[in-house]
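Okay, so here's the structure we're looking at.
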Amino acid sequence: MKIIGISASPRKNQSTCCMLEQCLDEVKLAADASGKSIDVETIDLVDLKIHGCISCDACKKGLICSQDDDFRQLIPKLADPEVLGIIVASPVYMGCMSSQAKAFIDRSVLFRRNGFMFRNKLGGAIAVGGSRNGGQELTIQAIHAGMMIHDMIIVGDGDHFGGAAWGKHPDGYKADSTGITTARNLGKRMVEIAKMMQL
Ligand SMILES: Cc1cc2nc3c(=O)[nH]c(=O)nc-3n(C[C@H](O)[C@H](O)[C@H](O)COP(=O)(O)O)c2cc1C
């Protein structure tokens, strides 16, 4: 089984990517500790060109997208029945998710239109803002909304909404222990719920 992390920052190896790594690291630790075999994989959208959905409706005729961009290579990866959960990590842009995250979520509609392929998969979200309270919770909820449209099972961090981190912490984002804890706890909860549901 596998949990896929989507890093939706346009900057490589920065705060969003770091928080996602923390979360996936905890997935591995928690899975190993509970004797559950879960692989993790990161898809970094910074490496891919993914346009917004153009509403051509090609995906109503099958698991296909008319747009010839890098989303196509993600289709078999995300359609793999071994995927038990997806975690989307986004920077907070103007109080909500990045355009990279939104394009990814909009384009994922093809999985919904072809038999609700994400139904009952676990979904979690991480948001990293430049301010401590710059819209992380709204961003997480917006990502959750997309996941609910897929009829996924939303997982929080066991306390609040998910991973909520401060990218411009005065000592650097790696010093944001509060944010890192929420990201790691999200990973832990994903494994707990997977185990409980025998996924
Ligand atoms: C266009 C733009 C809009 C932003 N809007 C917000 C915002 O509304 N709230 C906030 O807390 N930070 C905002 N930020 C700051 C980023 O969320 C923050 O720097 C984040 O850590 C960037 O993630 P990264 O390090 O992965 O690139 C914005 C940054 C940019 C470039």
| query | Conditions: (1) at pLDDT below 95; (2) within 13 Å of the ligand (Cβ to nearest atom). Residue 13 meets all but one. Number of the miss? | reply | (1)
| Applying the selection to segment 99-131, what residues are in contact with a His (Cβ under 8 Å, 6 or more places away or on another chain) and surrounded by fewer than 16 Cβ atoms within 10 Å (Cβ to Cβ)? | 116, 119
| under 23 Å from residue 192 (Cα atoms) and either of a type in the set (Ser, Thr, Tyr) or within 13 Å of the ligand (Cβ to nearest atom) (or both), is that true of residue 7? | yes
| request: Please work out which residue is farthest from the ligand (Cβ to nearest atom), limiting yourself to segment 93-104 and to residues that are under 17 Å from residue 67 (Cβ atoms) and not hydrophobic (A, V, I, L, M, F, W, C). | output: 102
| query | Are any of the residues in segment 48-70 under 16 Å from the mean Cα position of the chain (by Cα), over 22 Å from residue 148 (Cβ atoms) and more than 11 Å from the ligand (Cβ to nearest atom)? | reply | yes
| query | Name the residues in segment 161-188 that are within 14 Å of the ligand (Cβ to nearest atom) and within 15 Å of residue 134 (Cβ to Cβ), would you? | reply | 163, 164, 165, 166, 167, 168, 169, 170, 173, 176, 179
| message | Within segment 87-102, does at least one residue satisfy the condition of being in a helix (DSSP H, G or I) and within 15 Å of residue 4 (Cβ to Cβ)? | response | yes
| query | Could you list, in sequence order, the residues of segment 105-153 that are within 12 Å of the chain's Cα centre (by Cα), away from the ligand (no atom under 16 Å from the Cβ) and part of a strand (DSSP E or B)? | reply | 122, 123, 124
| request: Taking the residues in segment 89-98 that are buried (at least 21 other Cβ atoms within 10 Å of the Cβ) and small (Gly, Ala, Ser) as candidates, determine which candidate is farthest from residue 155 (Cα to Cα). | output: 98
| Just wondering, is there one or more residues in segment 75-88 that are buried (at least 18 other Cβ atoms within 10 Å of the Cβ), among the β-branched types (Val, Ile, Thr) and within 16 Å of the ligand (Cβ to nearest atom)? | yes
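The values are calculated or read from the model by the stated rules, or taken from the named source; none is laboratory data. Nothing here was measured: the structure is a model prediction, and the numbers come from that model. Virtual Cβ from ideal backbone geometry, glycine too; neighbours counted across all protein chains shown.
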